[in-house]
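Bear in mind that the values in this text are calculations on the coordinates, not laboratory data. Bear in mind the structure is a predicted one, so any value in this text is a computation, not a measurement. Note: ideal-geometry Cβ built from the backbone for every residue, glycine included; neighbour counts use all protein chains shown.
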Amino acid sequence: MHKIIVEKECGCFKKSDLVNNQTIESKDDALLSGMNMVNTMNSEFCRKHSFKLQEVGDDFVIAFEESTSNGCCGGGCGSHHH
């Protein structure tokens, strides 16, 4: 069995229809569901955070993406250097 665990439930998650700690039989299905959840969270939530999917043992954990990783949040910056 594989679980999809949302590490920190932000307000947007609590308001959404998504369910935390889902248990899924097959690893492929769990991975797919986890990826779909991350996509939904990244596209529909308030965008204060971005989320990533991590494999932890048999489980998949959705964690906050550290926004400090490259200092820019995917095209959200005003200054682009060519």
Footprinting proxy, 41, 1, 35: sorted fewest to most Cβ within 10 Å, the residues are 1, 35, 41
Neighbour-count ranking for 17, 59 (other C-beta within 10 angstrom, fewest to most) reads 17, 59
Cross-link reach from residue 15 to aspartates and glutamates, straight Cα distance under 15 Å and at least 8 residues apart if same chain, gives 44
Neighbour-count order for 26, 33, fewest beta carbons within 10 angstrom listed first:
26, 33
With the 8 Å Cα cutoff and a minimum separation of six or more residues, segment 2-65 has a relative contact order in percent of 42 percent
Expected unfolding gain across residue 54-residue 16 under the 0.36 nm per residue rule, minus the alpha-carbon gap, is 11.6 nm
If you take the beta carbon distance between residue 61 and residue 25 as r and set R0 to 22 Å, what does 1/(1 + (r/R0)^6) give as a FRET efficiency, to the nearest 0.05?
0.75
